[in-house]
Amino acid sequence: MNIILFGPPGAGKGTQAKYIQEKINGFQISTGDMLRDEIKKDSDIGKKIINDMNDGKFVSDEIVNELIKNIISDPQRKGKLIFDGYPRSLNQAKNLDILLNDSKQKVDLIFFLNVNKDTIVKRIEKRKIIENRADDDSDTIIKRYDTYMETTKPVLEFYSKNPNFYEIDGSLEIEEITAKIDSFIKV
Ligand code: AMP
């Protein structure tokens with residue numbers, strides 16, 4: 001069962017991805033974590049993306065698409081992919097369809113965790129204290145939220161036509177969201 005978690009930064013995608021990962025014995029694919037790793041390693045990719053990441057801007061489709069390519073085709077992870085933060089553009093969504101199709105897979109479930117800006121700002125300010133992420137300050141949060149909502153509108157339209165698309169109120173308590181997600185996952 002391949003699952004996409006869709007929603008603005010701070011919507012709780014990472015938390016729910018970890019829960020689903022345990023439930024289906026799956027693999028969380030967080031492009032944000034992968035990109036932060038590249039920066040930590042100070043790799044060529046890391047050097048290219050550091051400014052955009054810290055500014056709350058999206059990294060280019062080319063870089064992100066390349067990063068996830070091998071994971072999708074890995075036979076061990078087949079049918080157990082949990083996408084957290086990908087796809088974020090129509091180009092990425094189409095690329096994902098092609099890659100899944102190439103390895104005879106598909107997207108089985110899409111959850112849109114919908115949360116308003118005020119809730120996000122409050123949540124990310126808390127996360128800043130715990131995780132100390134460079135892109136978690138108030139101005140950057142607002143920019144990341146706006147960029148996300150603006151850039152991902154076509155992606156949302158694309159997926160909302162899928163019969164397995166479910167919108168969930170992301171301002172609910174973690175356990176309530178988990179219970180809703182749970183009711184759609186058949187293992
Ligand atoms: P996240 O951890 O998902 O909130 O992502 C943190 C940052 O990583 C974003 O603000 C973007 O700069 C970058 N990023 C993560 N995933 C993507 C993606 N799929 N496409 C473009 N940029 C991304």
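Some points to look at:
- When TYR19 is tested against (1) within 24 Å of PRO163 (Cβ to Cβ); (2) hydroxyl-bearing (Ser, Thr, Tyr); (3) near the ligand (Cβ under 10 Å from one of its atoms), only condition (3) is not met.
- Some residue of the range 99-119 being polar (S, T, N, Q), under 23 Å from GLN21 (Cβ atoms), surrounded by 14 or more Cβ atoms within 10 Å (Cβ to Cβ) and within 13 Å of the ligand (Cβ to nearest atom): no
- Scope the range 52-65; condition of a type outside the set (A, V, I, L, M), surrounded by fewer than 19 Cβ atoms within 10 Å (Cβ to Cβ), in a helix (DSSP H, G or I) and at pLDDT 95 or above; matching residues: ASP61, GLU62
- Residues satisfying the criterion are present in the range 111-119 (criterion: under 16 Å from ILE29 (Cβ atoms), modelled with pLDDT of 95 or more and outside any helix (DSSP H, G or I)).
- Any pair with Cβ under 7 angstrom, 6 or more apart, that starts in the range 138-152 at a residue that is small (Gly, Ala, Ser) and ends at one that is open to solvent by 50 Å² or more (accessible area, probe 1.4 Å) and assigned to a helix (DSSP H, G or I): SER138/GLU125
- GLN76, sole failed condition from (1) of a type outside the set (D, E, K, R); (2) within 8 Å of the ligand (Cβ to nearest atom); (3) without any contact (Cβ under 8 Å) to a residue 12 or more places away in the chain: (2)
- Residue in the range 156-180 that is farthest from LEU96 (Cα to Cα), counting only those that are in a strand (DSSP E or B) and open to solvent by less than 70 Å² (accessible area, probe 1.4 Å): ILE168
- Residues within the range 134-155 that are part of a helix (DSSP H, G or I) and buried (at least 17 other Cβ atoms within 10 Å of the Cβ), tallied: 8
- Test: residue in the range 72-82 that is assigned to a strand (DSSP E or B), closer than 30 Å to SER171 by Cα and under 15 Å from the mean Cα position of the chain (by Cα): yes
- Residue in the range 34-46 that is part of a helix (DSSP H, G or I) and either in contact with a strand residue (DSSP E or B) (Cβ under 7 Å, 6 or more places away or on another chain) or among the polar types (S, T, N, Q) (or both) present: no
- Members of the range 1-20 that are open to solvent by 60 Å² or more (accessible area, probe 1.4 Å) and either in a helix (DSSP H, G or I) or closer than 13 Å to ILE63 by Cβ (or both): THR15, LYS18, TYR19
- Selection of the range 75-107 for residues being farther than 15 Å from VAL155 by Cβ and in contact with a Leu (Cβ under 9 Å, 6 or more places away or on another chain) yields LEU81, ILE82, LEU100, GLN105, LYS106.
- Set side by side, the residues ASP97, ASP44, ASP84 differ, and just one is free of Cβ contacts under 8 Å to residues at least 40 places away in the same chain and within 15 Å of ILE3 (Cα to Cα), which is ASP97.
- Counted residues, the range 58-73 - those being among the hydroxyl-bearing types (Ser, Thr, Tyr) and touching a residue at least 12 places away in the same chain (Cβ under 8 Å): 1
- Selection from the range 22-32 of residues that are part of a helix (DSSP H, G or I) and more than 23 Å from ILE124 (Cα to Cα): GLU22, LYS23, ILE24
The values are calculated or read from the model by the stated rules, or taken from the named source; none is laboratory data. Since the model is a prediction, treat every value here as computed from it, not as a measurement. Cβ: placed from backbone, ideal geometry, glycine included. Neighbour counts: every protein chain shown. For accessibility, only protein heavy atoms count, side chains too; no ligands or nucleic acids. Shrake-Rupley method; radii C 1.70, N 1.55, O 1.52, S 1.80 Å.
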